[in-house]
Amino acid sequence: MALKVGISGIRGTIGGSYEDNLTPQRIVEYTMGFGEYIKGQYSASEFKVIVGRDGRTSGETISKIVCATLQSMGINVVDLGMATTPSVGLAVNLLKANGGIVISASHNPAQWNALKLYNKNGEFLDENSAKQVIAFSKNPDIAFCSHDKIGGYKRDKTFLKRHINTIKKLPEVNTINIGKADFKVVVDGINSVGGIAIPELLKALGVKKIISINCTPDGNFAHNPEPLAENLTEISKAVKQHKADLGIVVDPDVDRLALINEDGTMFGEEYTLVAVADYVLSKTKGNTVSNLSSSRALRDITEKHNCKYFASAVGEINVVAKMKEVHAVIGGEGNGGIIYPPLNYGRDALVGTALFLSLLAERKIKMSELKNSYPKYYMSKLKVELGKDIKPKSILSKIKQRYKKENLSLIDGVKIDFEKEWVHVRPSNTEPILRIYTESTTQIKADKLAEKLKKEVQGIIKAM
């Protein structure tokens, strides 16, 4: 069991003791902290917060606790019910709310849940704001409102439709071409809100042939919810069986997009952003941004369009900050997270799907052919579990010392850039682990480099 509090929100396992889990007491405390932050941040006669959740079995219970706590602080609540994370971010903007709370642990297994916190712009809180929320949550003197000042409560089930309609209006989304392409698409919604959202989006875009698997939003995940190749064997088989043009997979809260080629092979999470950026840059020239753990292929494609690429630290808020700084026209993370500023500054698998299908329809080629048109890089992703007493900084310090003669980036953990490959070792923002990402010119070389660093990290831990 675990509880992790940081810039990516408050994330933990459900059940168990107060100290080590996301218990009802913890949920109340951190919701109070957020409410106090909102009330201190903005001057308003009334306050409004948007709340939404993914399909996890614990989500509805947590949502009730969150909504009631906010109301008890005199804050009006608009409850979207089961909603995608990007839909909540968009709702904060469109409804001119003071903030939002998404109840979702993203790619974590079903026993996890989390509170992900938005500011008034529909963007995740920055580090300083998150620290303020955490500090407020520990304040025993926060006062609740009197009986006649309790905040209002409203259900709004319209936001998936509004989200989709907003995407359809984007100039780069070509519903005419998508309809003419007559795509056959297999969708894996991991039995969460994506099982509703992606099929509805596809229908709105003009896709008529949709095969849905794991699209009952009951929270009983049919496989590990992280959309990696080893977890997607079912949809890979289904794409080939149904002779589909592609497969679409999202994580439980629909901010990550993974794609399957027509032959059942992975298009690659890293290449979701590469392909979408290729399409966007063909229409609008500008800068691009991804995090340090993302593929060099985005840099290559950006430069092919005579534009400039920038790297940020890992984490959505860091990518967004860099995108704003350099006025990027497209950005995101190599985990399939697309951030498209004309819609909203947040990872969004829905807009990613619409832009990707527009590209595929325009190029009139197979998925595998599109993938082969991009620079060929291969990645390996490993992780090392950390015990309670293990400090990531001490491990990273030793890695830095060992590779001090190489080209190092210390923006986020330690990234070592070799001539034809790189390795990035960093602590996770959401789990008690060290992540090891590598990229090279072949899969064998990428795997070998990752295993080498994993053994080094394990050796350092053993010697501590």
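The values are calculated or read from the model by the stated rules, or taken from the named source; none is laboratory data. This is a predicted model, so every value here is computed, not measured. Note that each Cβ is placed from the backbone with ideal geometry, even for glycine, and that neighbours are counted across all protein chains shown. The area values use the complete protein model at the heavy-atom level, side chains included, leaving out ligands, DNA and RNA. Shrake-Rupley method; radii C 1.70, N 1.55, O 1.52, S 1.80 Å.
Summary of values
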{"item": "Some residue of region 309-329 being under 13 Å from Ala275 (Cα atoms), open to solvent by 10 Å² or more (accessible area, probe 1.4 Å) and at pLDDT 95 or above", "result": "no"}
{"item": "Tabulated pairs, region 252-264, first of a type in the set (Asp, Glu), second in a loop (DSSP other than H, G, I, E, B) and open to solvent by 10 Å² or more (accessible area, probe 1.4 Å), C-beta under 6 angstrom, 6+ apart or interchain", "result": "Glu262/Asp245; Glu262/Lys366"}
{"item": "Evaluation of Pro140 against (1) closer than 30 Å to Glu19 by Cα; (2) in contact (Cβ under 8 Å) with a residue 24 or more places away in the chain (one fails), failing number", "result": "(2)"}
{"item": "Residue among Gly55, Gly81, Gly74, Gly40 that is assigned to a loop (DSSP other than H, G, I, E, B), more than 23 Å from Asn224 (Cα to Cα) and either open to solvent by less than 20 Å² (accessible area, probe 1.4 Å) or of a type outside the set (S, T, N, Q) (or both)", "result": "Gly74"}
{"item": "Of the criteria (1) at pLDDT below 95; (2) within 26 Å of Ile301 (Cβ to Cβ); (3) not aromatic (Phe, Trp, Tyr), which one Ile416 fails", "result": "(1)"}
{"item": "Qualifying position, being touching a helix residue (DSSP H, G or I) at 6+ places or on another chain (Cβ under 6 Å), modelled with pLDDT of 95 or more and closer than 27 Å to Arg256 by Cβ, among Leu117, Leu70", "result": "Leu117"}
{"item": "Boolean, Ile134 is at pLDDT 95 or above, in a helix (DSSP H, G or I), open to solvent by 30 Å² or more (accessible area, probe 1.4 Å) and over 14 Å from Thr353 (Cα atoms)", "result": "no"}
{"item": "Lone qualifier among Thr85, Thr57 - being over 22 Å from Asp126 (Cβ atoms) and either aliphatic (A, V, I, L, M) or within 24 Å of the chain's Cα centre (by Cα) (or both)", "result": "Thr57"}
{"item": "Hey, Ala463 over 11 Å from Val384 (Cβ atoms) and surrounded by 18 or more Cβ atoms within 10 Å (Cβ to Cβ) or not", "result": "no"}
{"item": "Region 397-419: number of residues that are open to solvent by 100 Å² or more (accessible area, probe 1.4 Å) and within 28 Å of the chain's Cα centre (by Cα)", "result": "1"}
{"item": "Answer residue from region 272-294, given it is buried (at least 24 other Cβ atoms within 10 Å of the Cβ) and among the hydroxyl-bearing types (Ser, Thr, Tyr) and is nearest to Leu360 (Cα to Cα) among those", "result": "Thr272"}
{"item": "Filter pass, Met32 being modelled with pLDDT of 95 or more, open to solvent by less than 10 Å² (accessible area, probe 1.4 Å) and out of contact with any strand residue (DSSP E or B) (no Cβ under 9 Å at 6 or more places or on another chain)", "result": "no"}
{"item": "Failed criterion for Arg11 (all others in (1) more than 19 Å from Lys149 (Cα to Cα); (2) surrounded by fewer than 20 Cβ atoms within 10 Å (Cβ to Cβ); (3) of a type outside the set (A, V, I, L, M, F, W, C); (4) touching a Lys or Arg at 6+ places or on another chain (Cβ under 7 Å) hold)", "result": "(2)"}
{"item": "Residue in region 441-455 that is open to solvent by less than 90 Å² (accessible area, probe 1.4 Å), more than 27 Å from Tyr374 (Cα to Cα) and out of contact with any Cys (no Cβ under 8 Å at 6 or more places or on another chain) present", "result": "yes"}
{"item": "Considering residues of region 233-247 that are in a helix (DSSP H, G or I) and under 13 Å from Phe267 (Cβ atoms) only, the residue most open to solvent (accessible area, probe 1.4 Å)", "result": "Ser236"}
